[in-house]
Amino acid sequence: MTTPAYMDPAKIEYLTIHCAATPRGRDVKAATISQWDVRKFGQISYHHVVEIDGNRVRTLRDDQRGAHVGGANTGNIGICYVGGVEANNRPADTRTDAQKMALLTLIRTYRARYPGIIIRGHRDWPGVAKACPSFDVAAWLKEVGE
């Protein structure tokens, strides 16, 4: 496994939300997602993984560059929630209430830590042709008053 490159925390501008593209209800743990990422990218991809029960697992420090948005990882915090597809692999917002609360907690924490941080879904990045995170992040944040 490659040690993630250094990223200056003073220059963090983005927080990107992802899904693991695991079927609704499948209880995949953060350690498993990290193992998948190491096999695919040679390193852990996300700074946090939110498990089905809402458990927030830190997988990278803020000063470590992830591997979650091709070409836009520097200055970008990656958060992945377990789920994001139905059993037939169709994209779906499978977040549990506990995951929604955990995501909001992380977003609020990062907004306090890095004023002006821009929150996006993976699919909101230019050139990304994926459904990830399988919900509209901006609409959800507006809906919950964020």
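Points to keep in mind about this one:
- Local charge for Leu141 was computed over the other residues whose Cβ lies under 15 Å away, with Lys and Arg +1 and Asp and Glu -1, and equals +2.
- Ranking Gly75, Ala139, Leu104 by how far each Cα lies toward the positive end of the dipole of the stretch 43-146 (charges on Cβ) leaves Gly75 at the top.
- In the chain, the alpha-carbon atoms span a convex hull of 102 Å³ per residue.
- 14 Å beta-carbon shell around Thr96, net charge (K/R +1, D/E -1): 0
- Ellipticity estimate at 222 nm from DSSP helix runs (n ≥ 4, -39,500 (n - 2.57)) divided over the chain, nearest 500: -7500 deg cm²/dmol
- Sites matching trypsin sites (Lys or Arg not before Pro) across the stretch 52-83 that sit in DSSP coil, with at most 13 neighbouring C-beta atoms within 10 Å: Arg61
- Dipole check for the stretch 1-92: with +1 at the C-beta of Lys and Arg, -1 at the C-beta of Asp and Glu, and the Cα centre as origin, the magnitude is about 200 Debye.
- In a reduced charge model with +1 at each Lys and Arg Cβ and -1 at each Asp and Glu Cβ, the stretch 53-146 shows a dipole moment near 260 debye about its Cα centre.
- Gaussian network model of the chain, springs between alpha carbon atoms under 10 Å - residue of Gln35, Gln64, Gln99 with greatest fluctuation: Gln35
- Taken as Cα centroids, the stretch 107-141 and the stretch 7-55 sit 14 Å apart, rounded to the nearest whole angstrom.
Read the figures in this text as sums done on the coordinates, not as results from a lab. Remember, it's a predicted structure, so these values are computed and weren't measured experimentally. As a convention, Cβ positions derive from the backbone with ideal geometry for all residues, glycine included, and neighbour counts pool all protein chains shown.
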